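Rule-based calculations on the coordinates, nothing more; no lab input. What you see is a predicted model; the values in this text were computed from it and never measured. Counting neighbours? That spans all protein chains shown, and the Cβs are built from the backbone with ideal geometry, glycine included.
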Ligand code: RAT
Ligand code: ZN
């Protein structure tokens, strides 16, 4: 076909893919949002959007105030300083800044006047339940996975007391303190009645498994989850590696649950920045290979923070079907890297993965995180289906819809159900 003849065809394909990608509901498999029953733990509104730690890190580059002085300010004042530094004194070009504007825009607000008090007045009139439904509708998110930690003193009592769950939310059991800070965590487990004193032993492992079983049942966990530093090695004599091998993996096998690994985060590179102070470094994917090959009856959900790990991770996914790659996490969630990662993943692995999660900490962020990703995915998929078309294969609308369903949660659900 000549170039001229193929242009309208390509435009029609692009429209078809865009429509499908824009309208397909998504299961957001990793967020930091909470069921509204957790009350104030569910963050929302303009001030929370502005004090998001992604923006805090950027704003500090313009501030000259000492860190502690900023943290001592009320949240509203922190939000004003960030707004001034990142939106008024400079153009909000970064992905996290643009996200605030996409969200406001899609919520129907006009930010052109740079009028923060007016934006605040609008949010003050919203009711959280209705706002939740509105954000989910705008983002076309049908289900949200929370990050649930029994070690969080604000969250734990809500689970212990019990509540009527909102069916749009599901839980994931986060176990970082258990695996990464055993000496501080053991006394807490002991305080809750688990007999974990002394050195590593079969009874101690039994008690850790009892703890995991209690919480898996209590929160009806969809999977277990940990974030791991660049120096994580497996197998290894570290407490972390041993607890994974002896407690977490057998537990996951018993309950048929995946274990999610978030690799390559270097915590507290600058502790004065608090939540905004974490960094990144290359993860050791040989350790992941050892886990996937050594434990074929376990399922691993994996995302990696370093851009430099992404290609190797895709190659590993080609070797191990008990490995499900997910998300463009945190520092990789910027359009340039998201597009590159999404292309590499589709080209190397195909459709048996989950290309994005939102990691939203503030409800309203769902709106921009999914809008920005849908735009990229539509572009990438259009290229891919156009490539097939040049090879003489026309994907039908039903086939494209099937594929997008897989990318937006279908492949994840199947992975969770296997084995
Ligand atoms: O992306 C983030 O918000 C980070 O602060 C982390 O929470 C990360 O996503 C994690 O789950 O550890
Ligand atoms: Zn997260």
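Given the options 388, 41, 81, which has the most mean-square fluctuation in a GNM of the chain, springs set between C-alpha atoms less than 10 angstrom apart?
388
Could you tell me which of rounded, prolate or oblate describes the range 320-419, using a ≥ b ≥ c as the square roots of the eigenvalues of the alpha-carbon gyration tensor, with rounded for a/c under 1.5 and, failing that, prolate when a/b is larger than b/c and oblate otherwise? Please report the intermediate quantities before stating the final value.
Details: a/c = 1.71, a/b = 1.26, b/c = 1.36.
Here the range 320-419 falls in the oblate category.
Could you calculate the contour length gain from residue 115 to residue 293, that is, 0.36 nm times the residue separation minus the distance between their Cα atoms, to one decimal place in nm?
58.5 nm
Considering only 180, 285, 154, give the residue with the highest GNM mean-square fluctuation for the chain, with springs between Cα atoms whenever their separation is below 10 Å.
In this elastic network of the chain, the residue with the biggest mean-square fluctuation among 180, 285, 154 is 154.
For the range 327-345 and the range 116-181, what is the centre-to-centre distance using only Cα atoms, to the nearest Å?
25 Å
So, in nm, how far is label residue 255 from label residue 122 when the simple model puts each one 7 Å beyond its Cα toward the Cβ?
That separation, rounded to one decimal, is 4.1 nm.
What number results when the radius of gyration of the range 202-259, computed over Cα atoms, is divided by 2.2 N^0.38 Å?
So the range 202-259 has a normalised radius of gyration of 1.13.
Please tell me the relative contact order of the chain in percent, rounded to the nearest whole number, where contacts are Cα pairs under 8 Å and at least six residues apart.
About 22 percent, as a whole number.
So, R0 is 25 Å and r is the distance between the beta-carbons of residue 64 and residue 90; what FRET efficiency does that work out to, to 0.05? Spell out each step's value before the answer.
Details: r = 15 Å, r/R0 = 0.60.
Computed FRET efficiency for residue 64 and residue 90 comes out at 0.95.
If you restrict to DSSP beta bridges whose two residues both lie in the chain, what percentage is antiparallel, to the nearest 5?
10 percent
How much length would be gained if the chain were fully extended between residue 192 and residue 164, taking 0.36 nm per residue of separation minus their Cα-Cα distance, in nm to one decimal? Write out the running numbers ahead of the final one.
Working: separation 28, 0.36 × 28 = 10.08 nm, distance 2.41 nm.
Taking 0.36 nm per residue and subtracting the Cα distance, the gain is 7.7 nm.
Among 13, 263, 282, what is the fewest-to-most ranking by other Cβ atoms within 10 Å?
Neighbour counts put them in this order, fewest first: 282, 13, 263.
Ignoring solvent entirely, what values of log10 I(q)/I(0) come out of the Debye formula for the range 238-291 at 0.13, 0.31 Å⁻¹ when each Cα is a single scatterer?
For the range 238-291, the Cα-only Debye profile gives -0.47, -1.16.
In whole angstrom, how far apart do the alpha carbon centroids of the range 27-47 and the range 51-75 sit?
Taking the Cα centre of each part, the range 27-47 and the range 51-75 sit 22 Å apart.
Once every Cα of the range 240-331 carries one equal point scatterer and solvent is ignored, give the base-10 log of I(q)/I(0) from the Debye formula at q = 0.15 Å⁻¹, two decimals.
-0.62
Kindly list the residues of the range 136-175 that lie in the label zone of residue 238, defined by a backbone N under 19 Å from the point 7 Å along the Cα-to-C-beta vector.
174-175
Tell me, 336, 30, 131, 53 in order of fewest to most beta-carbon neighbours within 10 Å?
So the residues, fewest neighbours to most, are 336, 53, 131, 30.
Using a 7 Å offset from the Cα along the Cα-to-Cβ direction at both residue 130 and residue 269, what is the distance between the two label points in nm, to one decimal?
Here the modelled spin labels are 4.3 nm apart.
Work the Kirkwood hydrodynamic radius out for the chain: mean of 1/r over every pair of different alpha-carbon atoms, inverted, in Å. Numbers along the way, then the final one.
Details: mean 1/r = 0.0437 Å⁻¹.
It is 22.9 Å.
Based on the alpha-carbon set only, what is the convex hull volume of the range 104-193 divided per residue, in Å³?
164 Å³
Write down the radius of gyration of the range 277-342 and its Dmax, each obtained from C-alpha positions, in Å.
According to the Cα coordinates of the range 277-342, Rg and Dmax are 12.2, 36 Å.
Calculated FRET efficiency, residue 311 and residue 397, Cβ-Cβ r, R0 25 Å, to nearest 0.05? Present the calculation step by step, with values, prior to reporting the outcome.
Numbers: r = 32 Å, r/R0 = 1.28.
Rounded to the nearest 0.05, the efficiency is 0.20.
Tally the DSSP beta bridges in the range 247-380 and give the antiparallel ones as a percent, rounded to 5. Provide the component values of the computation, followed by the final result.
Values: 2 of 11 bridges.
Of all bridge pairs located within the range 247-380, approximately 20 percent are antiparallel.
Sort 325, 175, 128 by Cβ crowding within 10 Å, fewest neighbours at the top.
Values: 325 23, 175 27, 128 14.
Ordered from fewest to most neighbouring Cβ atoms within 10 Å, 325, 175, 128 come out as 128, 325, 175.
May I ask you to derive the FRET efficiency for residue 7 and residue 101 from their Cβ-Cβ distance with R0 = 35 Å, giving the value to the nearest 0.05?
The value I calculate is 0.60.
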